1. Quick one: Trp126, Trp143, fewest Cβ neighbours within 10 Å first, how do they rank?
2. Treating the beta-carbon of each Lys and Arg as +1 and of each Asp and Glu as -1, no other charges, what is the dipole magnitude of segment 122-267 about its Cα centre, to the nearest 20 debye?
3. Would you mind working out the magnitude of the charge dipole of segment 33-158 relative to its Cα centre, with +1 at each Lys and Arg C-beta and -1 at each Asp and Glu C-beta, to the nearest 20 Debye?
4. Identify the chymotrypsin sites (Phe, Trp or Tyr not before Pro) of segment 47-94 meeting these criteria: DSSP loop state and at most 15 other C-beta atoms within 10 Å of the C-beta.
5. Among [x] 0.97; [y] 1.00; [z] 1.06, which one is Rg/Rh (Cα atoms, Kirkwood Rh) computed from these coordinates?
6. Compute the distance in nm between two label points, each set 7 Å from the Cα along the Cα-to-Cβ direction, one at Asn192 and one at Met33.
7. Using the number of other C-beta atoms within 10 angstrom as an exposure proxy, rank Phe39, Phe115 with the fewest first.
8. For Cα pairs less than 8 Å apart in space and 6+ apart in sequence, what is the mean separation divided by the residue count of the chain, i.e. the relative contact order in percent?
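Computed from the coordinates by the stated procedures, all read-outs in this text should not be read as laboratory data. Note that this is a predicted model, so its numbers are computed, not measured. Neighbour counts are summed over all protein chains in view; Cβ atoms, including those assigned to glycine, are modelled from backbone coordinates with ideal geometry.
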Amino acid sequence: MQRLWKSPHVTGWLLASPLTLILLVFLVLPIVMITIVSFWQATEYAIIPAFSLENYEFLFGSPVTYAVFLNTAKYAVITWAVTLVLGFAIAYFLAFHIRSQTWQTVLFLLCTVPFWTSNIIRMISWIPFLGRNGIANSALMDWGLIDAPLEWLLFSDFAVILAFVHLYTLFMVVPIFNTMMRIDRSLLEAANDAGASGFQTLVNVILPLTKPGIMIGSIFVLTLVMGDFITVRFMSGSQSANVGRLISNDIALLQYPSAAATAVVLLATVLLIIGVLMRLVDIRKEL
């Protein structure tokens, strides 16, 4: 018996059991409960714990659902593309153009300054800047570039995506920068000695070795954008919607089964995206 307790296999399970219990209670159990509730029925006054597919039938039978999911995908893809370009450029500059580790740390911490305040404050700060009489329109009119204020700067898809990029670019910078710092600099020297140009080194050496970081950042950005709802509400002036807002509206109307069904579909979509990304690149070596 004593030999069994000292077995590495048993010891490993004992060490993992506290974290496993936490994950079961705070992650798996809530998802199971949401899934169960998604099959319940609801009226204006009560929730009926009886199995029914009406929530999913209504969800997949409504053209609004497909329009909202398409809008969510649009926000996610555009935000992902912009944050990828910005995140890669910032990480590349910090990793390969800043030689001093002290300055790398200082500049990296500078990128985190916006996170010292809440998301809502950072989001709302764009409203006086983008408004009809805001700083952006005033500056453009003073420079003679426009004759009248631009209406699409605020309460539009442009404002929503701008806020998303502002909020989530750091989630792309961090994993890419972490991956770039692990690249053996002798590989870059070998490519240079072989006559490769800077662009060829970037495409054939740096980019392939950075793929795991890009995929991790992509998972962060895509999942965060697809689950966000408050940004779409504020920055679109409630003129646009995504899946998160659909769930929020159902909850406000006390339609919990309908909200749960939408959440389950959203979760399945996000898991599918993550599964595809993990099939493209093995990111386990970065975790």
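1. With the fewest neighbours first, Trp126, Trp143 line up as Trp143, Trp126.
2. With Lys and Arg at +1 and Asp and Glu at -1, about 320 debye.
3. 560 debye
4. Passing sites in segment 47-94 are Phe51.
5. Evaluating Rg/Rh (Cα atoms, Kirkwood Rh) on these atoms matches [z].
6. Computed distance between label sites Asn192 and Met33 equals 5.8 nm.
7. Phe115, Phe39
8. Worked out over the chain, it gives 26 percent.
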